[in-house]
Amino acid sequence: MGQRMFVALVPPEDVLGHLEEFLAVRREAATFRWSLPEHLHVTLAFMASVPERRLDDLVERLGLAAARRTPFATRVAGGGAFPDVARARVLYAGLSLTEGVRKEFERLAAGTRIAASTAGTQTDGQRFHPHVTVARLGRPTEVTRWVQLLDGYEGLPWQVDEVSLVASHLGEGPRKRPRYEVVGTFPLGGDGS
């Protein structure tokens with residue numbers, strides 16, 4: 001059995017701190033399973049099982065894929081819910097997406113998914129929608145007010161200049177949550193090494 005992993009954009013600490021300040025004073029108003037601040041990220045590709053023998057190839061290919069992309073600026077802004085606000089299972093903060101930024105996100109996600117697939121690792125087939133999961137809900141819940149609240153949020157800008165490969169160790173974190181371990185980071189526009 002392989003290792004559970006994902007490729008992600010991890011916003012800088014000041015960006016995460018700003019979002020955390022916004023959420024912290026509001027968390028007591030709902031019994032959601034709020035994401036830990038150190039778990040906040042934008043998933044580009046999720047791999048339920050990466051065989052150990054594929055890891056070196058995956059790392060190499062992710063480095064090359066990241067090197068082909070150009071850094072770009074964005075910010076956490078707005079919000080939404082999956083599958084929808086009437087029966088949400090996930091509450092998320094969105095990202096500021098001009099048409100050019102949306103295309104960069106999509107190219108980056110596609111490149112990391114292709115790298116994983118070429119390395120012999122299967123990724124989930126869900127349509128890419130850039131977001132930061134802020135809470136999970138135990139049962140479908142109506143969250144219109146929460147989405148409206150997040151729609152009023154605009155975070156600090158940040159330069160997306162690297163992607164991270166993260167191992168997710170289920171049940172090893174606080175309160176039986178996953179423990180995340182960054183296995184590697186890959187600069188955008190870098191030399192791929």
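Only the coordinates and a few stated rules stand behind these numbers; no lab work does. Given the structure is predicted, the values throughout are model-derived calculations rather than measurements. All Cβ positions, glycine included, derive from the backbone under ideal geometry; neighbour counts span all protein chains shown.
Across segment 26-40, rounded Karplus estimates of 3J(HN,Hα) from the backbone phi angles (6.51 cos²θ - 1.76 cosθ + 1.60, θ = phi - 60°) give 10, 4, 5, 6, 8, 9, 6, 8, 6, 5, 5, x, 6, 9, 6 Hz, Gly and Pro being marked x. Among 119-129, 41-51, the peptide with the highest mean count of other Cβ atoms within 10 Å heads the list, and the full ranking is 41-51, 119-129.
Annotation: amide H of Arg68 within the under-5 Å range of Gly189, sequence separation 5 or more or interchain, hydrogens built in the peptide plane.
Net charge dipole, the chain: roughly 800 debye, given to the nearest 20, about the Cα centre with Cβ charges of +1 for Lys and Arg and -1 for Asp and Glu. Extension gain for the segment Glu38 to Asp57, taken as residue separation times 0.36 nm less the Cα-Cα distance, is 4.1 nm to one decimal. Less than 5 angstrom separates the built amide H of Ala77 from those of Gly94, Leu95, Ser96, Gly155, all sequence-distant by 5 or more or on a different chain.
Could you rank the peptides 61-69, 16-24, 167-175 by their average count of other C-beta atoms within 10 Å per residue, with the highest value first? All intermediate terms of the calculation are to be shown ahead of the outcome.
Working: 61-69: 20.9, 16-24: 16.7, 167-175: 12.3.
Ranked by mean Cβ neighbours within 10 Å, highest first: 61-69, 16-24, 167-175.
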